[in-house]
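See structure below.
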Amino acid sequence: MKLLVDSGSTKADWIAIDETGKVQFTTQSLGLNPEVLDKEEIISRLEDKFDISQNKDKVKQLYFYGAGCGTDRMKLFLKDIFQNYFKNAEVDVQEDTYAAVYATTPKGEQAIVCILGTGSNCSFFDGKILHQKVQSLGYIAMDDGSGNRFGRHLLRGYYFNKMPKELAKEFEKEFNLDADYIKENLYKEPNPNAYLATLAKFIIKHKENDFCKKIIKSELKKFTKNYIMQYDNCHDVYVHFVGSIAFYLKDELEEILNNYDIKIGNVLRRPIDGLIAYHVLNK
């Protein structure tokens, strides 16, 4: 059994397949970002899913693509946990961009591939290897255009009384905005970046509101300038996107990229389904 995993900070999609690509089971767990979770929490999230825990000894190959796996230290940290948990499996851990690449470039063509979800990143795929110009420093310092950045803007706008009153009332109806609750999630609970990203659905829902529109435009411009335009060939190849933020803000994204003479390519909400065909053919 092969186990394919595409994990962001918020959630992880799991698909188990046999050698022919026939699906054995699918499930979804909480995200497994090693940058923000310790070993005990990761194991707890594995144990919490029946399909994963009950089939762990049947897994012969595990291919994990995850947020927070951009450095060798994090890859080895997570690989060690998986190797002990899935005792009979060969384990391969890669950053989540590789899942996005395999899903958006089925023929292995050159492209710039971006992730805009809970977090954000951007790489150039030359047909074989990923090249990254920007080393991520995590959600506090970076992640332009991401869900957690939008959540941060909403909280600041609300607490600094910059959010229009009618919009603020709607915000209050949808979320617990008690200061103690917010601080608990930001400073004591795991995955503060994922908590912030849960607020992003509000900005998407109200994207026609001038307050939200301004934030969206500003963040997507920052992402374009700080990430995509790092690559000299950004005007020559397609730029593909994976992630819920890119998917739900595709029109806004396309408008901004057009202004910079950049060609938008595939925009997928999640890459997991495309990984099946890739791994049947290539692994």
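Nothing in this text is a laboratory measurement; each read-out follows from the coordinates by a stated rule. It should be emphasised that the depicted structure is a prediction, and the values quoted were computed from it without experimental measurement. Positions of Cβ are generated from backbone atoms using ideal geometry, with glycine treated the same way; all protein chains shown enter the neighbour counts.
Values as computed for the structure displayed
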| item | result |
| --- | --- |
| Length-normalised contact order of the stretch 44-180 in % [C-alpha pairs under 8 Å, at least 6 apart] | 15 |
| Cβ crowding within 10 Å averaged over residues, with 115-128, 85-98 ranked highest first | 115-128, 85-98 |
| Intensity falloff of the stretch 1-147 expressed as log10 I(q)/I(0), Debye formula with alpha-carbon point scatterers, at q = 0.11, 0.13 Å⁻¹ | -0.41, -0.57 |
| From the C-alpha gyration tensor of the chain, square roots of 5λ in Å | 31, 25, 15 |
| Mean projected area (nm²) of the alpha-carbon convex hull when the stretch 113-182 is viewed from all directions | 6.2 |
| Most fluctuating residue given options 114, 234, 69, as computed from a GNM of the chain linking Cα atoms under 10 Å | 234 |
| Cα convex hull volume per residue for the stretch 79-161 (Å³) | 137 |
| Reachable aspartates and glutamates from residue 87, criterion Cα separation under 12 angstrom, eight or more residues apart if same chain | 57 |
| The chain, relative contact order [Cα under 8 Å, separation at least 6], % | 19 |
| Selected from 241, 211, 223 as most flexible by GNM, with the chain as the system and alpha-carbon contacts under 10 Å | 211 |
| Residues with amide H under 5 Å from that of residue 11, placed H, sequence gap 5 or more | 31 |
| Helix-only mean residue ellipticity at 222 nm for the chain, each DSSP H run of n ≥ 4 adding -39500 (n - 2.57), per residue, nearest 500 | -13000 deg cm²/dmol |
| Sorted peptide list for 36-42, 189-195, 131-137, criterion being average Cβ within 10 angstrom, highest first | 189-195, 36-42, 131-137 |
| Protection proxy ranking, peptides 163-172, 104-113, 176-185, average beta carbon neighbours within 10 Å, highest first | 104-113, 163-172, 176-185 |
| The stretch 197-245: C-alpha gyration tensor shape, a/c 1.5 cut-off, then a/b vs b/c | prolate |
| Rounded to 5, the percent of DSSP beta bridges in the chain classed as antiparallel | 50 |
| Residue exposure sequence - 79, 173 - by fewest surrounding Cβ within 10 Å | 173, 79 |
